[in-house]
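Visitor: Sharing a structure below in structure tokens format, with a few things to ask.
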Amino acid sequence: MNVSSGLAAELLNRDYHADANATPASDTLLINEQSRLRESKGERIVKFGFGQSPFPVYGPAVEALAEHAASKAYLPVQGLPALREQVAAFHRELDGTDWKAERVLIGPGSKLLLFALIKALPAAEILIPAPAWVSYAPQARLAGQTAVKLAASFETRWQITPEQLEAHCREGGSRPRLLILNAPGNPTGLSPEADSQQALAEVARRHGVIVLADEIYGPLDHDGSHRAFALDYPEGTVTTSGLSKWCGAGGWRLGVMHVPEALGNEIFSRLLGIASETWSSVASPVQEAACVAYRVTPELTEYLDRQRAWLGLIGHWCATRLQAAGIRTHLPDGGFYLFPDFEAHREGLARRGITTSAELTARLLAETGVALLPGSAFGCDPAQLTVRLAYVDFDGETLLAHQPQRHDDPLALPALSKVRDGIQAIVEWLP
Ligand SMILES: Cc1ncc(COP(=O)(O)O)c(C=O)c1O
């Protein structure tokens, strides 16, 4: 063993278990790697594991990116002023919220913006529903904050309830609280009902809980009825979004955050401090292209409408097929995920030696070639037989060329054959 590898091993042994910074790679990336490996051996894998938009990036934004390829200057830490104006106008128009350009921060993906907010708070409790997106809890730990899980259930459509938040806040403790909400949700595809959201906002207001509304799938609400949390709690809601989902541009790394004036200047200058000491600014050609992506035009509206229509149709088709096979699944509200629950098949699965969601997804991948993520990756009890299904293994470019026809059997299209086969394979595999 050479000196440096000996040192590295010693460092790892000493620090791994005690060190919050020693966070393993996320489960979503690992399943993608496994699927790729099996595909490289010639297997046909249906990739329902990784949540990446299958649609091409919005054309006018691609052209703008090419046009600005030679832009090389560092831009202001907060983001290009013209882009911040455009982003604020976009959200005012789509969501009816009161976004102000001077309170918008542009970052390299909303993921880092979320992390910056969690890091910027003084010692805080970060309240995270279960299930929730895989990165919130590791981010809270990396930031040295305390993550608190609030478990939701199928019956509440995987939403935490106002009563649950009230009960938690009554338990006391003087630390500031940040509640992370995500609608339409990853992994659930669901949004709260308007009245439950209002009631939750009321509890948050009463107890001074700041809400981080991760609304990155908002523009992909299937019937365009996304209700921003900031409408119900404008003074206490920090909202994040970005180009990764509705614009199909995850790899461009552009996220946006709005911090209401009512939360004060201290938090905003802390965020700017973190930004300036870490990412400095988002790539200048990407910000120029984002100015075009965020301009609401008839072309952009059609681009969004088509994605929503296809996603609504496909999500509905998948959910009803699973329901018919006794796998309870909510019809999705938006985005591209379902969160099926195999509880009704528990006995039959147990006879095959499957008692956890991780065993369920491992066996499904091995025996049917369908990749899914276990509910446990999203904070659920490992014995709960839930999985996340991302219905995105289709040819988005072909679909985006036209609006779906309601009377067609959409899943008969060759562009959707993998989704159809994947659902069929799950259903046929059931005990
Ligand atoms: C719920 C949720 N929030 C945030 C993100 C991060 O997105 P970004 O690409 O803007 O960092 C994702 C990406 O998968 C997500 O699903």
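Derivation of every value follows stated rules applied to the coordinates shown; laboratory data play no part. Only a predicted model underlies this, so the values are computations on that prediction, with no experimental measurement involved. Here the Cβ positions follow ideal geometry from the backbone for every residue, glycine too, while neighbour counts run over all protein chains shown.
Visitor: Determine ³J(HN,Hα), in whole Hz, for all residues of the stretch 95-102 in sequence, where each value follows from phi through the Karplus function 6.51 cos²θ - 1.76 cosθ + 1.60 and θ = phi - 60°; x replaces Gly and Pro.
Guide: Per residue, the Karplus-derived 3J(HN,Hα) values read 9, x, 8, 9, 6, 10, 4, 6 Hz.
Visitor: Counting other beta carbons within 10 Å of each Cβ, put E202, E266 in order, fewest first.
Guide: Details: E202 15, E266 10.
Ascending number of Cβ neighbours within 10 Å: E266, E202.
Visitor: Quick one: 3J(HN,Hα) in Hz for the stretch 265-271, Karplus 6.51/-1.76/1.60 with θ = phi - 60°, rounded, Gly and Pro as x.
Guide: 8, 4, 5, 5, 6, 5, 4
Visitor: Given H placed on each backbone N at 1.01 Å, which residues far from A151 in sequence or on other chains put an amide H within less than 5 Å of it?
Guide: Placed amide hydrogens put A130 under 5 Å from A151.
Visitor: Could you check which residue among S241, S71, S110 shows the biggest mean-square fluctuation in a GNM of the chain with a 10 Å Cα cutoff?
Guide: Largest GNM mean-square fluctuation: S71.
Visitor: For K100, K111, K41, which order do you get if you count the other beta carbons within 10 Å of each Cβ and list the fewest first?
Guide: On the way: K100 14, K111 20, K41 7.
Least to most surrounded, the residues fall as K41, K100, K111.
Visitor: Could I ask something else about it? Sequence-distant or interchain residues sharing an amide H contact under 5 Å with R388, placed H: which?
Guide: L373, G375
Visitor: Using modelled amide H (1.01 Å from N, peptide plane; none on Pro or chain starts), what sits under 5 Å from the amide H of D214, excluding residues fewer than 5 places away?
Guide: HN-HN under 5 Å from D214: L181, N182, A183, T240.
Visitor: Please work out the C-alpha center-to-center distance from the stretch 386-413 to the stretch 255-287 and express it in whole Å.
Guide: Spelled out, the Cα-based centre of one part sits 36 Å from the other.
Visitor: I would also like to ask the following. Can you pull a Stokes-Einstein diffusion coefficient for the stretch 59-295 at 4 °C (1.567 mPa s), Rh from Kirkwood over Cα pairs, as a whole number of µm²/s? Please report the intermediate quantities before stating the final value.
Guide: Numbers: Rh = 18.0 Å.
For these conditions, the coefficient is 72 µm²/s.
Visitor: What are the ³J(HN,Hα) couplings of the stretch 369-386, residue after residue, when phi is run through the Karplus curve with 6.51, -1.76, 1.60 and θ = phi - 60°? Round to Hz, x for glycine and proline.
Guide: Listing the rounded values in order: x, 9, 9, 9, 10, x, x, 4, 5, 10, x, 7, 3, x, 7, 6, 8, 9 Hz.
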